[in-house]
1. What tally of residues in segment A:737-746 results from selecting those that are touching a helix residue (DSSP H, G or I) at 6+ places or on another chain (Cβ under 6 Å) and surrounded by fewer than 16 Cβ atoms within 10 Å (Cβ to Cβ)?
2. Of the residues A:755, A:812, only one is within 14 Å of another protein chain (Cβ to nearest Cβ), in contact with a helix residue (DSSP H, G or I) (Cβ under 9 Å, 6 or more places away or on another chain), exposed (fewer than 14 other Cβ atoms within 10 Å of the Cβ) and modelled with pLDDT under 95; which?
3. Does residue A:535 fit the bill of being free of Cβ contacts under 8 Å to residues at least 24 places away in the same chain and surrounded by fewer than 19 Cβ atoms within 10 Å (Cβ to Cβ)?
4. For segment A:698-707, give me the residue count where each residue is buried (at least 21 other Cβ atoms within 10 Å of the Cβ) and either in contact with a helix residue (DSSP H, G or I) (Cβ under 9 Å, 6 or more places away or on another chain) or within 9 Å of another protein chain (Cβ to nearest Cβ) (or both).
5. Which residue out of B:94, B:131, B:103 is touching a residue at least 40 places away in the same chain (Cβ under 8 Å), touching a helix residue (DSSP H, G or I) at 6+ places or on another chain (Cβ under 7 Å), more than 30 Å from residue A:719 (Cβ to Cβ) and assigned to a helix (DSSP H, G or I)?
6. Would it be correct to say that residue A:39 is modelled with pLDDT under 80, outside any loop (DSSP other than H, G, I, E, B) and surrounded by 15 or more Cβ atoms within 10 Å (Cβ to Cβ)?
7. For segment A:524-541, how many residues meet the condition of being assigned to a strand (DSSP E or B) and modelled with pLDDT under 90?
C-alpha cells in the first residue's frame, strides 16, 4: 500500500525541468494532487502508536532470543511488546465491540485471544502477529466466559484450549481451532466458576454454582468431554456467586449475605460445606466482605472495611492471618517458580513511593524481594501488576514487574528502576483543544536551536547539490537527516506561520496532556485531582475540554488556560466537575465540584474583561449556570441575554426543543448566576416513521470569508451563512439497525436543516431506500452527509447547499460601488429569510468512520472534506467534487469556474490520503486547526494511534516550500550583481577606447 | 553612450574665424559682392511655391500620421481575436499593449505633429482624428479587458469579499453530553 501513495523523488526532478507552461497547466488542472514525495514523510507529520490500558499480560521469556510480553487492552488491542524497550513488535486492533476477555499463549507459538463475550477465539502467530485461525463459539453472551489453556496435555501433538462460560464447555484444538468436543452441561442456570486440572491426570474438574444455593463439581475427560463424575450439594444460606479456588479440592466462596465465608471441600463425590467464622480473625468484624481475585494456591485475599487481609488456608475450616494491607495496592497473579514453589507480588503505595514485595508460598511471612521506587505523582495509583521472573547469575530469582498505572500508562520495573514506560492513556482521548505557544521574548535563549551561519550555509549547499542532482548517496542521506530533525519545528515558542502549537488532550483516565505539534512529544501532563476517585466523588469521568482564557489584548501577562469538565458518576443528574488548567505549564489553577449536573455546555461568543470565555452550563433541571462567576461576566452576559438561545436534542423522545433564558424571579445573591429556561419551540418527529440518527452543526470558531458565491458568467449567489443551523438526519425505525436488516421499501432517510433560534425547518429532503449509519459535516452554507443506499447497494454522499434568496436582488453595481446596500448589516433569524437549496448525491466507495472539514485562518482557501475510512486512514476529498452545480456537460464558463463534470461516484485518488501509508488504528475523530498561514490547516486525528499533519487544500500558495533552495536564490543574485558590475566596467572601457580613437 | 558624448562635447574651441556658420559651409568664403541678406524677387516667388508645396505635403503627411492608428487598430483587433477570451500570459500581454499604445500615443500627440506644424497648415483636424482613433483603440483595449473579466463591472466583483452579515442571535446546545 505504501509505495502507491508516494511518488519517487525523480518525478519531481523531471517536473522541475519542464517549463512554465506545464506548471501553469498543472496549476489549473482539474485534480490537484496533494501527495507527498517519499522523502517528505515525517517532515510535517508524525504518527504515534499506542495500545491502550492493559487488561491482561502474558510474558514470553522462556526461550532465548527476543523477550516479549503479550498484552490485551481495553481498546481491544492485542499486542506484543519488546520487554527490553517497550516497543511494539506487532499489534492487532479488533473491532469496536469485540472486547477481549482473555489472552494466553498456546503451544508456545500462538497467542490465543477470547473476545466478544467468549464467542470468538482467535490464534495469532507469536513472532509476527499473523492470524492463524479463528473460530466462533455458540455461547450465550449473558454469562462471563473464560479461557483455559491446558498445559502439558497432549492429544496427539495438540494441546486443547478450553472455553467455558454459563453451562457449556468447548474444547478446541490449538493447532487449527477446530472444536474437538463440546459439552453442554444440561442444567439450567449453571454458572461454571473454574476449570482446573489436577496434577497429571486425564481429568479436568469444573466447579460451579447452580442457582444461588447449589454447588456442583464435574469431572470431565479431556479427550472426549465425557462427564466421568458429577456431584452436587446445596447450602441452605446460599451463595452470592463469588468464589476462589484455593486448592485442587477446596473452594472458598462468599455466602449470599456477603458477610461470611464458606469453604467447600470436595473429594470423591463428597462435598462438605464449612462456614468460617471471621470474627476469630478480625475481632471487631462487621459489615460486608469482598473476595478479591488472588489466584494463589492456599491463599485468600478478602476486603473488610476498606482494608485487605491476606489469609492462608490451612484446611477446610482453618484460616491463618498473614498480612494486612491498606489501600492503594495491587496484587499480581501467582507465578510458578518451580514445580512446588509459587510466588506473587504485592505492590503498595506510600505517597510518591511504591513498595514492591514478592512472597513465595514457602515462607509467606517474609519476602523474597523487597524494593522501593519513586514514582511520578502524575501517574496516579497502581491499578494492575503482572510479574515475571528470570534467573540471576547467582541462580536466585529476579523479578520484572509490568505495572499499569491509574493514568493507563504502562511501565516495566526491574531491579528498582523503571526500564521503560509507555504513555498509553493517549490511546483513549476523549476530547482535545489547542493552545498557542508563548511568544519568543528577547533575551530568552531557546537552547541550542539556532544553527550558526556556517552550518546554515553548509546545509543549504547540501540542499543545492541535491536539487542539482549532484549529491552522492551519503549526502542525500545527510540532507534527509537534516530535514527530519529540523529543530525549527520543535521550538517551544510561537512561529510566524502558526504551525507550532500545543494540542491539549483529555484522556479517559482524567489526565490532561499537552502535545507539541512539531513531533508529538508530551510537553506537560497532569492527572487531574478532581477527576480521581475520592470519597466525595466515587466514579468520576472526563467529559470535555474547552478553551477558557485566551489572552489577546488584555491580561497579556497571564497564561492561556483550558477548562476541563467532568462528571461524578454516570447519571445525567450527577454533579459536574470543573478544573482550570494552565496551558503553558499544566498547573491546575482552580478545581471544584459543582452543585449541579452538566448536560449541555455552551461556550458563549463573549469574554469578560480578563478574556475568560463565558460558559453556560445547562443542568438536568434545565437551569442555566453562568461561568465564570463574577460581576463582570454577569454584566457582559446581561447585555446579550435576550439574544442567547439554546436547544436540546432528545434522541429517546425523538424531539428537539428550543429555549430562551430568563432571570429567576426571586433574585437571591447565590442564584444570581442561575437562569431559567423558557421553552420556545419544539419539533417532534413521528416516532413510528422517524428516529433521530445524527445531528451536526457548524464549528463555533469557523471563519467564513465571504457571503457571496460567484458563479459562472459573473453571476452572484448569496450564501445563507448562519451559525445557528442544525442538520438532523432521521431514519425509519425499522431501518435503524445494521445494513441489510431492512428492505429498501422500509428504509427512509430524512435530512432536515433547522434554524435553532426560531425552530424553523429551512429544508427537508427524503432519501428513499437509504439508511444509516449516517455521518454528517456542516460548514459555511453546506452540509455533506454519508449514508447507505439500499437500492444501489452502495454508500452515498449527498451535499446540500443553502442560499439566501432574499439577498439575491442585490445586483446593482452602482449601489454596491457606493456601498448603498445592507448586506453586512446584522441579521436577525426572526426576519425569516427565503432560502434556496441546491443538492446532489454521489456514490462513494468507502464506509466512513468519521468526517471533518478543513478550516483555515481567514476562510479564503477552498475546503477539503476529511474522511476517516474504515481502513483507519484519512482521505482528503475536495469540496469541488461535492458541488450541487456539477452537471454532465458543463458550459465553457462553468468549466472556467472550475466545475467538474458530473460523474455518478466520487473519485478516490490514492495520493490524496493524508495519512499516506500509515494507519491511525481505531480512528475516532479528526480535528482541524487553522494555521496562521492562510493556505494551511493542521490536522490532528486520533484513535488508538495519534496522527498529525498539515495540509494545504489549494497548495501552499502563500509560502515557499521547505524544498526551496535559498542558496540557489542567493547565488543567482550574487552572480547577477557581479555580471552587472563586470559589464558596466567593460562598457566603460570600451567607451574610453572609442573616445581616444 | 549618450552620457559619454555629452562629456566629450562639454567644451570646444573653434579656431576658424567664421564661427557663426557650420564648419562645412564656412570652409569657402562668400564671393565678393555677394550679399547674403539681399533677396531675389524671382527667387522669392519660387520659394513661395516651394513653401506651398511643402505645406501641402505637410498637411498630407499629417493626415497620414493621423490615420496611422487605424491600421494599428485593425491589427490589434486581429491580435485580440487570436488571443481569445481566457486569461493567460498571451492575452494579458496583448491587452495591456493595446491599452498602452493609445495612451502613449495620446501623451505624445504634440510631438507626433511637431514636424508638420506650420502657420498655413491646419493640423487640428488630423490631430482630432488621431486622438479619436487612439481613443477608439483604447476603448477596444478596455473592452478586451472587460471580456477577460478584469474590470469590476459586475455585482460579483463588489460583493465577493463582503464578509457574512453578523447574526444577532446566538444559539448553542445539542445532544446532552454523556
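The values are calculated or read from the model by the stated rules, or taken from the named source; none is laboratory data. Since the model is a prediction, treat every value here as computed from it, not as a measurement. Methodologically, a virtual Cβ is constructed for each residue, glycine included, from the backbone with ideal geometry; neighbour enumeration extends over all protein chains shown.
1. Pass one, segment A:737-746, residues touching a helix residue (DSSP H, G or I) at 6+ places or on another chain (Cβ under 6 Å): A:742, A:746.
Subset that is surrounded by fewer than 16 Cβ atoms within 10 Å (Cβ to Cβ): A:746.
The qualifying residues number 1.
2. Values: A:755 fails: exposed (fewer than 14 other Cβ atoms within 10 Å of the Cβ).
Every option except A:812 fails the conditions.
3. Working: free of Cβ contacts under 8 Å to residues at least 24 places away in the same chain: yes; surrounded by fewer than 19 Cβ atoms within 10 Å (Cβ to Cβ): yes.
The answer is yes for residue A:535.
4. Within segment A:698-707, the first condition is being buried (at least 21 other Cβ atoms within 10 Å of the Cβ), and the residues that meet it are A:698, A:707.
Among the residues that remain, those that are also either in contact with a helix residue (DSSP H, G or I) (Cβ under 9 Å, 6 or more places away or on another chain) or within 9 Å of another protein chain (Cβ to nearest Cβ) (or both) are: A:707.
Total satisfying the criteria: 1.
5. Values: B:131 fails: touching a residue at least 40 places away in the same chain (Cβ under 8 Å); B:103 fails: touching a residue at least 40 places away in the same chain (Cβ under 8 Å).
Within the list B:94, B:131, B:103, the selection yields B:94.
6. Values: modelled with pLDDT under 80: yes; outside any loop (DSSP other than H, G, I, E, B): yes; surrounded by 15 or more Cβ atoms within 10 Å (Cβ to Cβ): yes.
So residue A:39 passes the test.
7. Initially, segment A:524-541 is screened for residues assigned to a strand (DSSP E or B), giving A:524-527, A:540-541.
Still in the list and also modelled with pLDDT under 90: A:540-541.
Qualifying residue count, segment A:524-541: 2.
Table: residues versus (1) outside any loop (DSSP other than H, G, I, E, B); (2) touching a residue at least 60 places away in the same chain (Cβ under 8 Å).
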| position | (1), (2) |
| --- | --- |
| A:592 | yes, yes |
| A:595 | yes, no |
| A:601 | yes, no |
| A:606 | yes, no |
| A:609 | no, no |
| A:615 | yes, yes |
| A:620 | no, no |
| A:626 | yes, no |
| A:629 | no, no |
